[in-house]
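Structure record follows, encoded as structure tokens.
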Amino acid sequence: MDHASDGQAPRFSAPQERDLFRLLVESVKEYAIFMLDPTGHVASWNAGAERITGYRASEIIGRHFSVFYPREDALSGKPDMELREATASGSYQEEGWRIRKDGSRYVANVVITAVRDADGALQGFAKVSRDLTDQRVGEEARRGLIHAREQLRARDDFLAIASHELRTPLTSLQLVVQSLARGVHPGEPVTAALAQRLAALEKLVARLSRLVNGLLDVTAMSSGHLELQRSRFDLVTAVRDVAVRLAPDAERQGGSLVVEAPAPVVGRWDRRRMGDALSAVLSNAVKYAGADRITVAVRAEGGRACVVVEDLGPGIPPEDQARVFERFERAVPLAHYGGFGLGLWTARQIVTAHGGDISIHSSPGRGSRFELRFPLEA
């Protein structure tokens, strides 16, 4: 009686089932499916293995499967290690680089399974492999797109912050100019009030100049074209000038800024940019120190200048200490503290351009200590 006619699935003998399974394996083209003998030599081959690796069955059967591995992996014994792992635990799986017949590399997902007989004796290994190169390339393209979007978002954030930072002094400048225009009459002498307004105007113009110069320097630093205009001057004097300018900000928060410099420290540096670096580090200390004392120590040590800025602010966790020297980065939320997030990055670029380095020593709740060291001479 025909079993197909009565709705039952056809039955095959054991030899027929083995033949059908062999035909199935040999016809699969998306996966490389083949057997290895107990020593790792190829014992069978299918169409998928030929498509992925480029080897025909006559070229690969009998060869050790280490031929599929990069030379450095083959020499290190990685193929044999995988067989040992499969023998011990039953299977081994990984994603890694493999080599085609033409020498090109591809990313493969590999599963090696130990094959044993009814008595548990090892007969060999079944290896199933899939080419993931296109998938990996797609993932990398997606990661690249995500990174590009993050860069664009960082740029937009920077432009928003820059607009905010520039708008504040511009608004104040406009108000001072309007006030001067109303209070000045031809032929009248300059009064104390007028002189005070002019001084305020001068400070606002200087602040705007620093902001614009800082933005221009960021562009130069990012492109690796920061040119230094060196001249000989006393670093202690530069530090005191920055401290005098920032002291009112510290005092408004109830804090203080103290410079400790036992002797002049004279060298050849770019005066303006060194001032920018010092200003960035001291401004950072003033911003976070609050009502606490900030100490700036300046000294010369073995042909190098050393500036140490210490504050008793909130401190920086170890995992954030490297990040604060990156562009647009900060260890606290933007909503709590303003600024571009460029100050410490700028300071590091300037100090590095002078052949020096900048480091941080900090812990949460114990303040921060920044150390700037650079040669006295170029």
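Annotations
- Under the simplified labelling scheme, the Glu140-Trp97 pair shows an inter-label distance of 1.0 nm, with each label point 7 Å from Cα along Cα→Cβ.
- Cut-off 11 Å between beta-carbons: net charge of the residues surrounding Ala43, Lys and Arg +1, Asp and Glu -1: +1
- Annotation: amide H of Val259 within the under-5 Å range of Val296, sequence separation 5 or more or interchain, hydrogens built in the peptide plane.
- Protection proxy ranking of 85-93, 104-112, 122-130 - average other beta-carbon atoms within 10 Å, highest first: 122-130, 104-112, 85-93
- Subtracting the Cα-Cα distance of Glu30 and Ala263 from their residue separation scaled by 0.36 nm leaves 76.2 nm.
- Spin-label model distance (nm) - Leu208 vs Arg116, 7 Å beyond Cα toward Cβ: 8.3
- With R₀ fixed at 35 Å, the C-beta to C-beta distance from Ala322 to Ala291 puts the FRET efficiency at about 0.80.
- Packing around the peptides 192-201, 362-371, taken as the average count of other Cβ atoms within 10 Å per residue, puts them in this order, highest first: 362-371, 192-201.
- Remark on Tyr55: its backbone amide H falls under 5 Å from those of Lys101, a criterion applied only to residues 5 or more positions apart or on other chains, H modelled at 1.01 Å from N.
- Net length available on complete extension from Ser58 to Val177 is 33.9 nm, with 0.36 nm assigned per residue and the Cα-Cα distance removed.
- Sequence-distant residues sharing a close amide H with Val115 (under 5 Å, placed H): Gln123, Gly124, Phe125, Ala126
- Across segment 53-160, counting alpha-carbon atoms alone, Rg and Dmax equal 20.1, 73 Å.
- At the residue level, Asp117 shows approximately 60 square angstrom of accessible surface with a 1.4 angstrom probe and all protein chains present.
- Spin-label model, Ala200/Arg232: points 7 Å from Cα along the beta carbon direction are separated by 4.3 nm.
- Neighbour cut-off at most 13 other Cβ (10 Å), DSSP loop, GluC sites (Glu not before Pro), segment 221-303: Glu227
- Highest mean first, the peptides 312-319, 48-55 sorted by other C-beta atoms within 10 Å per residue fall in the order 48-55, 312-319.
The values are calculated or read from the model by the stated rules, or taken from the named source; none is laboratory data. This structure is a prediction, so every number in the text was calculated from the model and none was measured. For neighbour counting, all protein chains shown are included, and Cβ atoms are generated from backbone atoms with ideal geometry for every residue, glycine included. Surface accessibility is based on the protein's heavy atoms, side chains included, excluding ligands, DNA and RNA. Shrake-Rupley method; radii C 1.70, N 1.55, O 1.52, S 1.80 Å.
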